[in-house]
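Peer 1: Can you read through this structure? Questions will come right after.
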Amino acid sequence: MTTQSEPKVTRTWRLDSACQTLVLASYDDGLPEVIHWGALIAVNEDLGALARAGRRPLTNGVLDQIGSLSVCPEEGRGFQGQTGIDARDTEGRPLLTQFVLAESAVARSDALVVEAFDEKYGLTYRATFAIAVDGGVIEGEAELVNRGTRDIHVDWLAAPVLPLPETASHLLEFAGRWTREFALSRVPIQRGVHLRESRRGRTGQDHFPGLVVPDRGTGEHSGSAHALIFAFSGCHRILVEELADGRRQLQAGLCEGTRLSPGETLSSQRICLAHSDTGLNGLSHTLQRHVREAVLRWPQPQRPRPVHYNCWEAVYFDHDVATLKDLAERAAALGAERFVLDDGWFGSAGQSRNDDTTSLGDWTVDRRKYPDGLDPLIDHVEALGMNFGLWVEPEMVNLESALARAHPDWLIASEGRVQIEGRGQHVLDLTNPKVVDYLFERLDALLSEHSIDYLKWDMNRDLTLAVDRAGMPLLVRQTDALYALFERLAEAHPSVEIESCASGGGRIDYGILRHTQRVWLSDSNDAHERWRMQHEAMLFLPPEIVGSHVGPRHCHTSGRVLPMAFRAGVALSGHMGFEMDLRELDGEEAATLTRYTRFYKENRDFLHAARQFRLEPARDHVRAHMSVDADASRFLLFCGMLAAEPNETASPLKLAGLEPEALYRVHLWNRDEMTVPPTRSFASPLVGDDGLVLSGSALMRVGLVLPLAFPDRMWIVTGERLEGNQS
Ligand code: DGJ
């Protein structure tokens, strides 16, 4: 019987963020393995002993050495699972790398960089882990440098590869579609590979580029969980593999291969890693904080998130200045602070954009609809005290446009192949600098000539035949060029905010969020669907960037008819807006919307800095969360009912995030909605002027009983900590 030989030299490193420790070990100068990713471990841990303790026994029938699950598992080292690098020379010969660790490594308290060389092929591999700001997230990136003299082709380069706990039984992932974003799926971890991939040229609603791995028994408030988010918008691949030896690996990277010429460096793109010991809420706090502090760049950080009015579901392409002015007046009266003119305002000589078949690419104001240009509408909007936002979809072009006629070679195409249309449109090739210059010039002109505070940047089709004019893959370069265009615009117009929209939530990721300040979570303005989506998205996104609109009474994407209070409650828990023909509102609806909008404004500074806690209601039809400020002195609880109460009475709801010993005065803010069931009255102690005073521990351990409610209703509960002996 053979045994695994003991390494002669073991080198180790560690990186500790606020909530996680990474420990790396390299054996005999091979690429390091992450031997621990998870909870913080003792500062004085003997990492050499830890590395030794993790060596594994082998059964018969396998190689004499267990394939190293390094930051880049290599076929050349006998790794038999999915490798972290897959490259070949120009003749197609596989590069069987055996990277050798460089002497030096950068090991600071906030970053760890290890390098390794493969002299046979002239390659350098570099793995970087860095703590972003002072939050808990660790960012990782792998780079490959071709120091040789010949081109190579890299089909796959994973960001630094991580082990997953063998105690976890499933993954939490998100698989949706248009109007059904962030649909949670629980995937068992089994022997073999589970792979999620987007090759759409945008993130995609179907494969959000992130996942959570809860350990067994992990819930919202307790237990261990890991998360990885891939921070790039153009394409991605995330895979989880359980090997025959029981180890599990997590890989993420770009799913597009590329040629790497001498002197060039290929980046895997960044991954964001988080670990929590306090359940899914702990993860969400770390990730939301990361987005707030390390990802988003606000043009005007102090400005509260304004209430939007968006005219899309009111008028679609049917733009008429008098109607839009009327809608603006109504929106302002209800409390809107920003008017967003959606699709349909532009055209070109001889054609208006009256449907989605024409004019994309021709970013000139349609004089048939706006005889005096946009300014009269903008002036009107501003006179009402709102600022003005404009919809654009710069990456796209309709064949029915002056741009496509003048520059047919600017469209993404492949010689002799039929290009599929998506929503009747094509994609511009942003790897062509002339295209980007044109787009910059058009957008710059619009932003310079008009008082525009905000762009809703849409992207309504997937890329197909995704190659440049030379036939080379372009998903990554297209996305890089888009990011560069954002940078250029931000430099020229630093005060303009941008929303990332892609048929709703088709481009939501931590890459696009470096350049944008809001995401349009979904084209579904159905509050029932939204409530579920927002609940899941909360794991990754803070509420102030999650656009959420009060839609029409008859929802356009689902046909549901939902009460105003529910629609408004759902919207105000994100970045609130209205999107409907406001002329449909009756007096009661308008009064309710005004009241909820006022409540949003009174509470947004708090909500947009608070931590969110998802609660664990006793029944599945309830989705609830609460926002709690940093010192647990105040909270707002949102409790939405998505179906009828299954029992004869309602169960207590346990709160979270409070100070156990402190007393809180608790009120049902929207007690006016307490109209059901009509046959029984219920004197909830939460509705009186004094509310109810309970300790944090009672609220968290015993819970609050809320009144019964019909489906698609929401209770909003306010809580304030009492100081001293006040009660
Ligand atoms: C898709 C977006 O998601 C909608 O909100 C709207 O802006 C339309 N595009 C306009 O064409």
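The values are calculated or read from the model by the stated rules, or taken from the named source; none is laboratory data. Keep in mind the model is a prediction, meaning the values are calculated, not measured. Note: ideal-geometry Cβ built from the backbone for every residue, glycine included; neighbour counts use all protein chains shown. Ligands, DNA and RNA are stripped out before the accessible areas are found, and what is left, the full protein with its side chains, is counted by its heavy atoms. Shrake-Rupley method; radii C 1.70, N 1.55, O 1.52, S 1.80 Å.
Peer 1: How many residues does segment 421-456 hold that are charged (D, E, K, R), in contact (Cβ under 8 Å) with a residue 60 or more places away in the chain and away from the ligand (no atom under 16 Å from the Cβ)? Don't jump to the end; show me each part of the working.
Peer 2: Start the filter on segment 421-456 by keeping residues that are charged (D, E, K, R), which leaves 421, 423, 429, 434, 437, 441-442, 444, 449, 453, 456.
Narrowing further to those that are in contact (Cβ under 8 Å) with a residue 60 or more places away in the chain: 423, 442, 453, 456.
Imposing the further condition that a residue be away from the ligand (no atom under 16 Å from the Cβ) reduces the set to 442, 453.
Residues in segment 421-456 being charged (D, E, K, R), in contact (Cβ under 8 Å) with a residue 60 or more places away in the chain and away from the ligand (no atom under 16 Å from the Cβ): 2 in total.
Peer 1: Here's a check for you: in segment 467-488, which residue that is more than 28 Å from E415 (Cα to Cα) and under 22 Å from the mean Cα position of the chain (by Cα) is surrounded by the fewest Cβ atoms within 10 Å (Cβ to Cβ)? Quick ask: steps written out before the conclusion?
Peer 2: Let us first name the residues in segment 467-488 that are more than 28 Å from E415 (Cα to Cα), namely 486-488.
This time we only want the ones that are under 22 Å from the mean Cα position of the chain (by Cα), so: 486-487.
Numbers: F486: 17, E487: 12.
The residue in question is E487.
Peer 1: Could you pull out the residue among I512, I498 that is within 12 Å of the chain's Cα centre (by Cα), closer than 25 Å to L360 by Cβ and not assigned by TED's automatic domain parsing to the domain that holds L184? Don't jump to the end; show me each part of the working.
Peer 2: Numbers: I498 fails: within 12 Å of the chain's Cα centre (by Cα).
I512 is the lone residue from the list that is within 12 Å of the chain's Cα centre (by Cα), closer than 25 Å to L360 by Cβ and not assigned by TED's automatic domain parsing to the domain that holds L184.
Peer 1: If I filter segment 457-497 down to residues being farther than 20 Å from W391 by Cα and touching a Pro at 6+ places or on another chain (Cβ under 8 Å), which single residue comes out as farthest from the ligand (Cβ to nearest atom)?
Peer 2: Top of the filtered list is V467.
Peer 1: Any idea which residue in segment 498-512 is farthest from the ligand (Cβ to nearest atom), counting only those that are hydrophobic (A, V, I, L, M, F, W, C) and surrounded by 22 or more Cβ atoms within 10 Å (Cβ to Cβ)? It would help to see each step written out before you state the result.
Peer 2: Keep residues of segment 498-512 that are hydrophobic (A, V, I, L, M, F, W, C), which gives 498, 501-502, 508, 512.
In the following step, the residues that additionally are surrounded by 22 or more Cβ atoms within 10 Å (Cβ to Cβ) were identified as 501-502, 508, 512.
Values: C501: 5, A502: 7, I508: 12, I512: 14 Å.
Here the answer is I512.
Here's the yes/no breakdown for (1) within 16 Å of the ligand (Cβ to nearest atom); (2) open to solvent by less than 20 Å² (accessible area, probe 1.4 Å); (3) at pLDDT below 95:
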residue	(1), (2), (3)
W520	yes, yes, no
G551	yes, yes, no
S558	yes, no, no
A568	no, yes, no
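Peer 1: Could you tell me whether R477 is within 29 Å of L260 (Cα to Cα) and either in contact (Cβ under 8 Å) with a residue 40 or more places away in the chain or in the same structural domain as G511 (by TED's automatic domain parsing) (or both)? Before you say what the answer is, go through the steps one by one.
Peer 2: Working: within 29 Å of L260 (Cα to Cα): yes; either in contact (Cβ under 8 Å) with a residue 40 or more places away in the chain or in the same structural domain as G511 (by TED's automatic domain parsing) (or both): yes.
Yes.
Peer 1: So, in segment 570-590, of the ones that are open to solvent by 10 Å² or more (accessible area, probe 1.4 Å) and under 15 Å from R330 (Cβ atoms), which residue ends up nearest to the chain's Cα centre (by Cα)?
Peer 2: D581
Peer 1: Count, please, the residues in segment 576-603 that happen to be farther than 19 Å from T718 by Cα and not acidic (D, E).
Peer 2: 9
Peer 1: Could you list, in sequence order, all residues of segment 606-635 that are more than 14 Å from L280 (Cα to Cα) and open to solvent by 40 Å² or more (accessible area, probe 1.4 Å)?
Peer 2: Answer for segment 606-635, where residues must be more than 14 Å from L280 (Cα to Cα) and open to solvent by 40 Å² or more (accessible area, probe 1.4 Å): A609, A618, R619, D620, R623, A630, D631, R634.
Peer 1: A follow-up question, please. Only one of (1) closer than 30 Å to G559 by Cβ; (2) open to solvent by 30 Å² or more (accessible area, probe 1.4 Å); (3) assigned to a loop (DSSP other than H, G, I, E, B) is not met by F182, so which one is it?
Peer 2: For F182, the exception is condition (2).
Peer 1: Identify, please: which residue in segment 383-408 is part of a loop (DSSP other than H, G, I, E, B) and away from the ligand (no atom under 16 Å from the Cβ) and is, among those, nearest to E449 (Cα to Cα)? Write out each step before concluding.
Peer 2: Of all residues in segment 383-408, those part of a loop (DSSP other than H, G, I, E, B) come to 384-386, 393-395, 398-399, 401, 407.
Then drop every residue that is not away from the ligand (no atom under 16 Å from the Cβ), which leaves 384-386, 399, 407.
Numbers: L384: 20, G385: 20, M386: 18, L399: 27, H407: 25 Å.
Once the filter is applied, the top-ranked residue is M386.
Peer 1: Consider L360 carefully, then state whether it is buried (at least 17 other Cβ atoms within 10 Å of the Cβ) and within 15 Å of the ligand (Cβ to nearest atom).
Peer 2: On the way: buried (at least 17 other Cβ atoms within 10 Å of the Cβ): yes; within 15 Å of the ligand (Cβ to nearest atom): yes.
Taking the combined requirement at face value, the residue satisfies it.
Residue-wise test of (1) outside the structural domain of D581 (by TED's automatic domain parsing); (2) surrounded by fewer than 18 Cβ atoms within 10 Å (Cβ to Cβ); (3) more than 19 Å from the chain's Cα centre (by Cα); (4) free of Cβ contacts under 8 Å to residues at least 12 places away in the same chain.
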{"position": "E264", "(1), (2), (3), (4)": "yes, yes, yes, no"}
{"position": "Q269", "(1), (2), (3), (4)": "yes, no, no, no"}
{"position": "H275", "(1), (2), (3), (4)": "yes, no, no, no"}
{"position": "R303", "(1), (2), (3), (4)": "yes, yes, yes, yes"}
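Peer 1: Pairs needed: first member in segment 568-580, under 18 Å from A591 (Cβ atoms); second member anywhere, open to solvent by 10 Å² or more (accessible area, probe 1.4 Å) and of a type in the set (D, E, K, R); C-beta distance under 6 Å; at least 6 residues apart or different chains.
Peer 2: If the second residue must be open to solvent by 10 Å² or more (accessible area, probe 1.4 Å) and of a type in the set (D, E, K, R), the pairs left are M580/E313.
Peer 1: Specify the residue that is farthest from the chain's Cα centre (by Cα); the eligible residues are those in segment 409-445 that are part of a helix (DSSP H, G or I) and of a type outside the set (A, V, I, L, M, F, W, C). Break it down stepwise before answering.
Peer 2: Within segment 409-445, the first condition is being part of a helix (DSSP H, G or I), and the residues that meet it are 409-410, 433-445.
Applying the additional criterion that residues be of a type outside the set (A, V, I, L, M, F, W, C) yields 409, 433-434, 437-438, 441-442, 444.
Numbers: D409: 34, P433: 29, K434: 31, D437: 29, Y438: 29, E441: 29, R442: 29, D444: 27 Å.
That would be D409.
Peer 1: Among the residues in segment 38-55, are any under 15 Å from A142 (Cβ atoms), buried (at least 20 other Cβ atoms within 10 Å of the Cβ), in contact (Cβ under 8 Å) with a residue 24 or more places away in the chain and not charged (D, E, K, R)?
Peer 2: At the first step, the residues of segment 38-55 found to be under 15 Å from A142 (Cβ atoms) are none.
Looking through segment 38-55, none of the residues is under 15 Å from A142 (Cβ atoms), buried (at least 20 other Cβ atoms within 10 Å of the Cβ), in contact (Cβ under 8 Å) with a residue 24 or more places away in the chain and not charged (D, E, K, R).
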